[in-house]
Amino acid sequence: MKRIAISLLCLGAVACNAEENAARDAVRSSLRDPQSAIFGEVKLSANGNSACVTVNAKNGFGGYEGNRQAVVHRNPQTGVWTSTGILDDYADQAFCMDVISTTQNLLTGNASASNSQ
């Protein structure tokens with residue numbers, strides 16, 4: 001029984017890592033210098049179709065911008081992740097998650113839920 005529980009836990013971790021890597025790849029593809037990306041935390045939304053990704057990458061002048069938050073969304077039908085862009089310099093991960101929550105509520109027609117949070 002323990003062996004089954006450990007196996008399921010490992011499979012869950014692999015699935016999370018695959019989703020996090022896909023989210024990072026979506027951010028990387030939107031950067032001016034994709035090879036310069038240094039990633040921090042990836043925070044997946046509750047439904048797994050959106051994420052906030054912390055990234056530090058070089059700008060057009062070749063200097064690192066510092067840690068910033070990127071918002072990415074996954075198409076549930078295709079599984080393809082796309083980046084909706086980097087948030088401004090002052091956005092932290094909590095703000096990023098609020099953006100995701102509000103976006104999901106608007107897309108599902110549940111706008112009152114985003115206003116009550």
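The values are calculated or read from the model by the stated rules, or taken from the named source; none is laboratory data. What you are looking at is a predicted structure, and each value in this text was computed from that prediction instead of being measured. Using ideal geometry, Cβ is built from the backbone for each residue, glycine included, and neighbour counts are taken over all protein chains shown.
Summary table
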{"quantity": "For LEU9: the one exception among (1) of a type in the set (A, V, I, L, M); (2) outside any loop (DSSP other than H, G, I, E, B); (3) surrounded by 14 or more Cβ atoms within 10 Å (Cβ to Cβ); (4) at pLDDT below 95", "calculated": "(3)"}
{"quantity": "Pairs where the first residue, in the stretch 39-61, is without any contact (Cβ under 8 Å) to a residue 24 or more places away in the chain and the second is in a loop (DSSP other than H, G, I, E, B), C-beta under 8 Å, 6+ apart", "calculated": "ASN56/ALA37; ASN56/GLU65; ASN56/GLY66; ASN56/ASN67"}
{"quantity": "Unique residue being among the small types (Gly, Ala, Ser), buried (at least 17 other Cβ atoms within 10 Å of the Cβ) and either in a loop (DSSP other than H, G, I, E, B) or at pLDDT below 95 (or both) when the list is ALA51, ALA26, ALA15", "calculated": "ALA51"}
{"quantity": "Members of the stretch 55-97 that are under 16 Å from GLU41 (Cβ atoms) and among the charged types (D, E, K, R)", "calculated": "ARG68, ASP92"}
{"quantity": "The one condition in (1) surrounded by 15 or more Cβ atoms within 10 Å (Cβ to Cβ); (2) modelled with pLDDT of 85 or more that ALA91 fails to fulfil", "calculated": "(2)"}
